[in-house]
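Structure first, commentary second.
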Amino acid sequence: MKEEIAKKNGATAAPGGPKKREAVLDRGEQIKQSSSYVPKVIPKAQNIKDLLYSVVTSNILFSSYAADEQAAIVDAFERRSFGPDTYVIKQGETGDHFYVVESGTLEIFVKGKDGEQQRVGNTLGPGSSFGELALMYNTPRAASIKSKSECVVWEIDRTSYRGILVYFKYLRNKQYMEFLRNVEIMDKKLGTIMSESELQFFICIFYLIRFQM
């Protein structure tokens, strides 16, 4: 039961530990596509990039993305530090950040039937991550995460994360559209005999085939 509660909150051990739970993006929110959007880049040392990249590539939420998307997600993480005995997230609050631990230790707590906080699961240390559900769903946190010692974490928010996904989808669509326009059939390019909506239909078919494979 305690392990199940920890999983619901999205807390995961360092890469190489237990298999992460599979998750699906909430489609209730829409982010406007824009050719002018530029994913943010937060400067960080190479060892931090390596740490974040190891988490991003092993977490089931990000592992299927293309390398350029994963790199953009790593670039968007921002650094935060917490003193000991500080709540990073609280059960019942609505969250919108995913965290990766750089240093220090944190513990998972849930409220019991008597309303008291009870520690569950394993201690989270460097390389551990938690809170990925907040990138997908606008739902209250299922547990609290509290620092046991001084700690440094890296966080990415839902808006930045989804903005990156939309941005790269826009770039792919643009690339596919340009390719289709120049495909020749009977000495005529598709761009001259098909409308934009018809070309977009072929792109949609491509995505359906891709995600079913």
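The values are calculated or read from the model by the stated rules, or taken from the named source; none is laboratory data. Predicted model only: the values in this text are computed from it and were never measured. All Cβ positions, glycine included, derive from the backbone under ideal geometry; neighbour counts span all protein chains shown.
Of everything listed in (1) in a loop (DSSP other than H, G, I, E, B); (2) at pLDDT 90 or above; (3) under 12 Å from the mean Cα position of the chain (by Cα), the single unmet condition for Ile42 is (3). Scanning region 70-93 for residues that are out of contact with any helix residue (DSSP H, G or I) (no Cβ under 7 Å at 6 or more places or on another chain), within 19 Å of Val152 (Cα to Cα) and assigned to a helix (DSSP H, G or I) yields a single hit, Asp75. Selection of region 35-69 for residues being touching a residue at least 40 places away in the same chain (Cβ under 8 Å), among the hydroxyl-bearing types (Ser, Thr, Tyr) and within 17 Å of Asp157 (Cα to Cα) yields only Tyr37. Checking Ser81, Ser63 one by one, the residue that is modelled with pLDDT under 95, assigned by TED's automatic domain parsing to the domain that holds Trp154, surrounded by fewer than 18 Cβ atoms within 10 Å (Cβ to Cβ) and polar (S, T, N, Q) is Ser63 and no other.
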